[in-house]
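The values are calculated or read from the model by the stated rules, or taken from the named source; none is laboratory data. Quantities reported herein were computed from a predicted structural model and do not represent experimental measurements. Cβ sites come from the backbone with ideal geometry, for glycine too, and all protein chains shown count toward neighbours. Protein only, heavy atoms only, side chains kept; ligands, DNA and RNA dropped before computing areas. Shrake-Rupley method; radii C 1.70, N 1.55, O 1.52, S 1.80 Å.
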Amino acid sequence: MESENESEKATEEGSVVQERLSWQVAWRDDPKVAQALYAGETIEEMHQLSDAGLLDEFFVFLKDLGMLEAFEQVSLTGVKRTLIPTVQFVLLYFLKVLLGAESMNELPRVLFSDLALMELVGFNAHQCETGLTKRGDASRTTKKKQGPITAQCLADNICKLTQEEVEHLFNSMVHLLVRRGLFAGKVLVALDGSKVPTPQSYEGCGKLKQTRKVKGKGQKEPVTEEYYLYGWKVLVLIEVQTRLPLALKLVPIQDYEGKWLIPLLEQAQRNLGTAAQIETIVVDRGYLDGEDLWQVHQKGVIFVICGKATMAVTQDAQGLARNERASVRERVVRRGHGKTAQDQRLRTEVVGLEALTSYDQYGDAAYTQHAHRRDYVGQPINAVVVRKWENRVPKTEGTVYLTNGEVRDPFVIFDTYDWRSVIENGIFKEGKHPWHLLHFPQRTEAAVIVHCHLTLLVMGLTTAFRLWQKQQASAPTAQTEGLPTLSSALLGGEGIARWRKRLHEENRDKIIVFIGQDYGIFHLAEFAVLTQIPIRILPSSLGSPQAVLQRFGISP
């Protein structure tokens, strides 16, 4: 049991941490710190910038956004007492995700021992070196403490967050992004799900029967065998231009995705409020349910979905499209290299069909229950049939897209459905590799829920921050009329892994200096000039020593 002195010390240090989280104790002021350095004032702490370069401007953005305040409102329901405030656990796990730590065991090395990072989020060098308590010191022999708390302590406490708490935090993030002006007018969204497999030992995991082809030793032909996949499924609805998530749900892996179409669409619209209106939603075959699509139609939202080959409406559309005049699009691409390179003309043919009535399940339940009657006529639905895609003729009768939108120009629907790939490539593939979506802090259902929500939250905030940076860099001047469209195209195709690497390269020659209640970030050569250490040659990007001093408002 913790001694009385340790308890008092932990309480005192916890209050210091809480004070620092007001973001008034450590605040960046480069000119003020530079002038103090030039005047010869004592440096309280100085560290290599390292990963703190990711956080400085990022935390300013989070504070202005209101996200730090949202973090402070998170509580551990049912937990009477913690060593540090709950917000500190949230911030530490936030950093774990942001920095791309794959395992909790990495944290002492990549996070807790980074004094610059810990200083920015509220800890001091003494706490990082000795920890917040003396618990376990008696049994410690050679290995030194690394950080104010252990990775196990962080995992135990962060996993005590309830599903309602992390869902509320995620939705608060979307509300703040909306208030920031990242969404406006009519928006196009995509919804899709991705499996989150786990070992069977994870408590509360779902169970899904699957089949696969295997070829055993001595067998001439592969045989089909059944197996079970355990885990969960994460469903995400995003705005496709920015790739920012609007709604999220974690369900057992065997759950039918389609039943979450309406709830997630409604949640996304609630998060958007009156600032933006969902105009179109793109989904894959997993959400192909006539009653759900009818509800989407009744909400005034356009849907685009791929029909199944066995459906009557799909077969009717394919048959009718054979005799219809197709809309054609051609483009010329250069194939090959050097003298053997040739231009190739790629042709795509699509046909738009209106008011098909052979989708018996399309409509509300009271109407579709009479589908077996001879005089039953289904609700009209439109279709787009792809007869040829870039010179390739499909082996079947062609892909059929079902929609309640206009098909007079069928390429509008054809191009709209192509946005569905954004969620697979921009969310799930990115999330599972550089963001480590499949690596959980513990082997429990609570850990999976918390990790998935916080990972998608950090991904959303990081994308919003990078879009904001690009937008600020493209601020209007006398020669420009306005800001560019806020779109992920602004990021130039740079993924999170390359972004992290670029920031490391940009900050590897910088240090962070704490003096009093302020800190400054300087290039090593700038630090030498400010501390009046003679330096013969400065990097050309910094200019002369006089230019460095003038930049910080110092008169030699």
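Just in the range 397-473: which GluC sites (Glu not before Pro) are loop by DSSP and have at most 13 other Cβ atoms within 10 Å? Here the sparse-neighbourhood loop sites are E406. Once a ≥ b ≥ c are taken as the square roots of the eigenvalues of the Cα gyration tensor of the chain, is the result rounded (a/c under 1.5), prolate (a/b larger than b/c) or oblate (a/b not larger than b/c)? Because a/c hits 1.5 or more and a/b exceeds b/c, the chain counts as prolate.
Placing a label point 7 Å from the Cα of T274 along the Cα-to-Cβ direction, the residues of the range 146-183 whose backbone N falls under 15 Å of that point are 179. For the range 177-216, trypsin sites (Lys or Arg not before Pro) are listed when DSSP marks them as loop and at most 13 other Cβ atoms sit within 10 Å of their Cβ; the list is K215. The label point for A366 and the one for K432, both projected 7 Å from the Cα toward the Cβ, are 4.4 nm apart. Based on the reciprocal of the average 1/r between different C-alpha atoms, the Kirkwood radius for the range 365-469 equals 18.4 Å.
Remind me, what semi-axes does the range 241-372 give for its equivalent ellipsoid, largest first in whole Å, using sqrt of 5 times each Cα gyration tensor eigenvalue?
On the way: eigenvalues 234, 121, 44 Å².
In descending order, the three semi-axes are 34, 25, 15 Å.
Subtracting the Cα-Cα distance of R335 and R347 from 0.36 nm times their residue separation leaves 2.8 nm of extension gain.
First check a/c for the range 312-416, with a ≥ b ≥ c the square roots of the eigenvalues of its C-alpha gyration tensor; if it is under 1.5, answer rounded, and if not, answer prolate when a/b is larger than b/c or oblate otherwise. Each step should come with its number before you reach the end.
Numbers: a/c = 3.60, a/b = 3.05, b/c = 1.18.
Because a/c hits 1.5 or more and a/b exceeds b/c, the range 312-416 counts as prolate.
Label-to-label distance for S544 and V377 is 8.7 nm, based on points extended 7 Å past Cα in the beta-carbon direction.
Beyond 14 Å, what percent of the Cα pairs of the range 221-277 remain? Display every interim value, and only then the final one.
Details: 1026 of 1596 pairs.
Across the range 221-277, Cα pairs with separations above 14 Å total 64 percent.
Post the alpha-carbon centroid distance, the range 397-443 to the range 165-212, in whole angstrom. Using only Cα atoms to place each centre, the spacing works out to 14 Å. Here r is the Cβ-Cβ distance between R408 and Q472 and R0 is 41 Å; the resulting FRET efficiency, rounded to 0.05, is 0.50. Based on the Stokes-Einstein relation at 4 °C and a viscosity of 1.567 mPa s, and on the Kirkwood radius from alpha carbon pairs, the range 380-432 is assigned a translational diffusion coefficient of 102 µm²/s.
Legend: calculated FRET efficiency, L229 to D418, from the Cβ-Cβ distance at R0 = 35 Å, rounded to 0.05, equals 0.75. Separation of the range 508-531 from the range 312-355 is 60 Å, based on Cα centroids.
When the convex hull of the Cα atoms of the range 59-103 is projected onto a plane and the area is averaged over all directions, what value comes out in nm²? Please list the in-between numbers first.
Working: hull surface 15.8 nm².
Reported value for the Cα convex hull: 3.9 nm².
For the range 150-277, the percent of C-alpha pairs falling in each 5 Å distance bin, counted from 0 to the bin holding the largest distance, reads 2, 9, 14, 15, 15, 13, 11, 8, 6, 4, 2, 1, 0. Taking label points 7 Å from Cα along the Cα-to-Cβ direction, N105 and M46 give a separation of 3.7 nm.
Which order, highest average first, do 321-334, 232-245 follow once you tally other Cβ atoms within 10 Å for each residue and take the mean per peptide?
232-245, 321-334
So with the 1.4 Å probe, I'd like the accessible area per residue for the chain, rounded to whole Å². It would help to have the intermediate numbers written out before the result.
Working: 28180 Å² over 556 residues.
Counting only protein heavy atoms, the per-residue value for the chain is 51 Å².
Looking at the square roots a ≥ b ≥ c of the eigenvalues of the Cα gyration tensor of the range 271-316, which shape do they give, rounded for a/c under 1.5, prolate if a/b is larger than b/c, or oblate?
Details: a/c = 3.08, a/b = 2.55, b/c = 1.21.
Prolate, because a/c is 1.5 or more and a/b exceeds b/c.
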